[in-house]
1. Mind checking which residues of the stretch 21-51 are at pLDDT 80 or above and crowded, with 19+ Cβ neighbours inside 10 Å?
2. For the stretch 121-138, how many residues are at pLDDT 75 or above, open to solvent by 70 Å² or more (accessible area, probe 1.4 Å) and not in a loop (DSSP other than H, G, I, E, B)?
3. When you scan the stretch 103-112, do you find a residue that is modelled with pLDDT under 90, of a type in the set (Gly, Ala, Ser), open to solvent by less than 80 Å² (accessible area, probe 1.4 Å) and in contact with a Ser or Thr (Cβ under 7 Å, 6 or more places away or on another chain), even just one?
Amino acid sequence: MMKKVIIFVSFLVVLASCDISDEDEDKFGFVFTVTNNLSAEHDNAKITIGGMKDGKFVGTESYTFPKLLTTQYHGWYQWVAHNERWNPNLDLIRAIPSEKAYFSIQLEGKEEIVLYDSWEKHQGDLVNIAIPKGTIIKNDDGHLSISIGENNVLAHLHSDRDTLP
């Protein structure tokens with residue numbers, strides 16, 4: 001019995017001394033930056049991830065911002081989603097089946113809007129990202145910028161793979 005206790009305690013000491021942190025300091029999931037050129041605050045704005053099936057967006061999971069406050073900054077009203085990370089289950093999108101993830105936004109009391117890319121290189125395309133072989137989006141691959149205007153919502157999903165035109 002004593003031998004088992006010594007082995008168990010030794011195991012715990014070795015385990016405690018191991019550095020199991022992510023040495024590359026990777027950050028997992030999507031992060032949001034939302035700007036607003038209106039002075040209105042928004043409660044319960046919802047970002048939905050999903051796939052496309054037969055040309056229609058099929059949502060799989062949502063992330064809700066409880067309250068998005070605005071503050072004026074250089075003539076624009078803006079809010080930042082505090083770099084919160086959201087790690088949705090990408091296997092749900094694969095099950096649609098869809099090889100890419102797409103996004104929509106719904107402001108409280110408004111219609112859901114599928115997000116189109118505002119970046120010049122991809123303008124007019126739906127915001128999307130190829131689902132990686134694993135189930136993890138990490139680092140800058142998941143930085144979704146959204147800008148809400150008077151008559152439109154613009155977006156771009158920044159990626160480690162982005163290159164300037």
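1. Selection gives 30, 31, 32, 34, 45, 47, 48, 49, 50, 51.
2. 1
3. Taking every residue of the stretch 103-112 in turn, none turns out to be modelled with pLDDT under 90, of a type in the set (Gly, Ala, Ser), open to solvent by less than 80 Å² (accessible area, probe 1.4 Å) and in contact with a Ser or Thr (Cβ under 7 Å, 6 or more places away or on another chain).
Conditions tested, residue by residue: (1) modelled with pLDDT of 75 or more; (2) exposed (fewer than 12 other Cβ atoms within 10 Å of the Cβ); (3) of a type in the set (Val, Ile, Thr).
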residue: 76; (1), (2), (3): no, no, no
residue: 82; (1), (2), (3): no, yes, no
residue: 87; (1), (2), (3): yes, no, no
residue: 116; (1), (2), (3): yes, no, no
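The values are calculated or read from the model by the stated rules, or taken from the named source; none is laboratory data. Quantities reported herein were computed from a predicted structural model and do not represent experimental measurements. Here Cβ is always computed from backbone atoms with ideal geometry, including for glycine, and neighbour counts include all displayed protein chains. These area figures cover heavy atoms from the full protein model, side chains too; ligands, DNA and RNA do not enter into them. Shrake-Rupley method; radii C 1.70, N 1.55, O 1.52, S 1.80 Å.
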